[in-house]
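Please treat every number below as a calculation from the coordinates, not as lab data. Keep in mind that what you see is a predicted model, and the values were worked out from it rather than measured. Cβ: placed from backbone, ideal geometry, glycine included. Neighbour counts: every protein chain shown.
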Amino acid sequence: MTLKQTPLNAAHRAMGAKMVDFGGWDMPVNYGSQIEEHHQVRNDCGMFDVSHMRVVDIKGEGVRSFLRYLLANNVEKLTQPGKALYSCILLDNGGVIDDLIVYFVSEEWFRIVVNAGTADKDIAWMKLQAAKHAPQLSIVDHPELAMIAVQGPNARVKVWDALPGSKELTESLVPFKAVEMGAMFIARTGYTGEDGFEVMIPAKAAPFFWATLVEKGVKPIGLGARDTLRLEAGMNLYGQDMDETVNPLESGLAWTVDLKSERDFIGKAALLAKSPARKLVGLVLLDRGVLRGHQQVHTAQGIGEITSGSFSPTLEKSIALARVPKEVQIGDTVQVAIRDKMLAAKVVKYPFARNGKSLI
Amino acid sequence: MSNPDNLKYTASHEWVKSESDGTISVGITQHAQELLGDMVFVETPAVGRKLNAKEECAVVESVKAAADIYAPVNGAVTAVNSVLDSSPESINSDPYAAWMFKMKPDNPADVAALLDAKAYQALVDSETH
């Protein structure tokens, strides 16, 4: 199978990226040392090609009321144009189809950004639901839009420097808010636990913007560091920390599910019918080694499983997210099965690190 | 970085150096460290452990992944490089100096029969193309 390429493929190769097959996309995993790239984002700033993610626009009369039913989080929280909301999209049984960010542009236009590997499935589901509940809406995805995330304490200044006119438009933009700039869409969002922007930009213009950022001294960061950054920041990764077989309440995402209001939404009945038996917690390894996905976690209350694990460059320890019996408490010591050994790990509240600092 | 001519190699990407005392040092190749990326943890075998050729005997973990290290020949472990406990990244910076363990081969001819630098490079080329 031929791998799909983003508009920045040639730029990555020219910068010495190590390319890997990432869910069918030919993507840079690192350009040199992954750990240095990680620190670069926590301490200064770096940029990521996330053009494999898909932008989906839902337009028409009644889009808000459709999304109120489609999404587990409540779009009524979006009162100001440009405001963004993180949400899961659920099956009737409460299983997670995907997680996404939805931007309120206007009452007739909401923009959604979904994961690359799930995009086609998500769009098919949205269209199926729209056919039943809001056939007047148009649902159009935009594979021709590239996306570049610039993240880190100095990220915004670098973007302002690279993109004339952007400072005036985005200086007063609060976190989780976005603004249109011509054919671009600039959002103060990200997946690293640092400040910064995610810039959606037409594919044709993306290589020039990338090259300008390089000129301004912004370092490219691969998907390897993106994963350790998001794990330290305690952000879920779809396909690892949750999928269609688990619900958001067992995935550390209860804060994104609105069960209190009268509003009905897909999956709500299933979530209300059964209280969760498991929960997501953070682990810090006390012994030497590295926690990895799918390792078994032995607790006094039963067996759990690591969903994401790696080495944390900020903590210089191994950390993980794990799904464990709900009775497990913060501060407990648990045993993780790694090869032929049982290693001790401490249950902690996550995030592990944000804004350049360890929180553990 | 090319693979030194004075070393032997395995198809599982270990390098083997014959020492003057009749032992061999074992590490992982430039190609292997490049594939794995930043090293963060090394688990070495117990000194005295008897190993069979191709037996899993050590583990290296990078940020990205864990990889098994295999015994190149039959023999017993005589030493481990404890420096790697605190500085696993030396495998990245100087893979042919960062030996992981030493062993006394049961049969020195087994070492001679391993891949030479040229044969190993041909193997790497065939895997990467």
Please compute the net charge surrounding A:N74, taking Lys and Arg as +1 and Asp and Glu as -1 over other residues with Cβ under 14 Å from its Cβ.
-> +3
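Beta carbons within 10 angstrom, averaged per residue: use that to sort the peptides A:289-296, A:111-118, A:124-131, highest first. Walk me through the intermediate numbers first.
Values: A:289-296: 19.0, A:111-118: 21.4, A:124-131: 15.2.
Put in order of decreasing packing, that is A:111-118, A:289-296, A:124-131.
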Inter-label distance, nm, simple model (7 Å from Cα along the C-beta direction), A:Q329/A:D21 = 4.8
Fewest-first ranking of A:M242, A:M19, using other Cβ atoms within 10 Å as the exposure measure | A:M19, A:M242
Proximal lysines to B:K17, defined as alpha-carbon separation beneath 20 angstrom and excluding residues fewer than eight positions away on the same chain = B:K8, B:K50, B:K54, B:K102, B:K104, B:K118
Can you give the mean number of other chain Cβ atoms that lie within 10 Å of the Cβ atoms in peptide A:33-46?
-> 2
Surrounding charge for B:Y120, neighbours by C-beta under 15 angstrom, Lys/Arg +1, Asp/Glu -1, total -3
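Exposure proxy check: A:D98, B:D68, B:D125, A:D340 ranked by fewest other beta carbons within 10 Å? Display every interim value, and only then the final one.
Values: A:D98 22, B:D68 13, B:D125 10, A:D340 5.
Neighbour counts put them in this order, fewest first: A:D340, B:D125, B:D68, A:D98.
Which entries in A:K83/A:K326; A:K127/A:K158; A:K83/A:K158 show an alpha-carbon gap greater than 28 Å? Display every interim value, and only then the final one.
Details: A:K83/A:K326 33 Å; A:K127/A:K158 38 Å; A:K83/A:K158 23 Å.
In this structure, A:K83/A:K326; A:K127/A:K158 exceed 28 Å between Cα atoms.
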A:N236: net charge of surrounding residues, Cβ under 9 Å, Lys/Arg +1, Asp/Glu -1, itself excluded?
-> -1
Considering the options A:G152, A:A14, A:L71, tell which one lies farthest towards the positive end of the dipole of chain A, charges being +1 on Lys and Arg and -1 on Asp and Glu at the Cβ, about the Cα centre.
-> A:G152
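Please arrange A:D21, A:D264 by how many other C-beta atoms lie within 10 Å of their C-beta, fewest to most. Provide the component values of the computation, followed by the final result.
Numbers: A:D21 12, A:D264 9.
Going from least to most buried by this count: A:D264, A:D21.
Using 0.36 nm times the number of residues separating A:M342 and A:K204, minus their current alpha carbon distance, what extension gain do you get?
Values: separation 138, 0.36 × 138 = 49.68 nm, distance 5.19 nm.
The span from A:M342 to A:K204 would gain 44.5 nm if fully extended.
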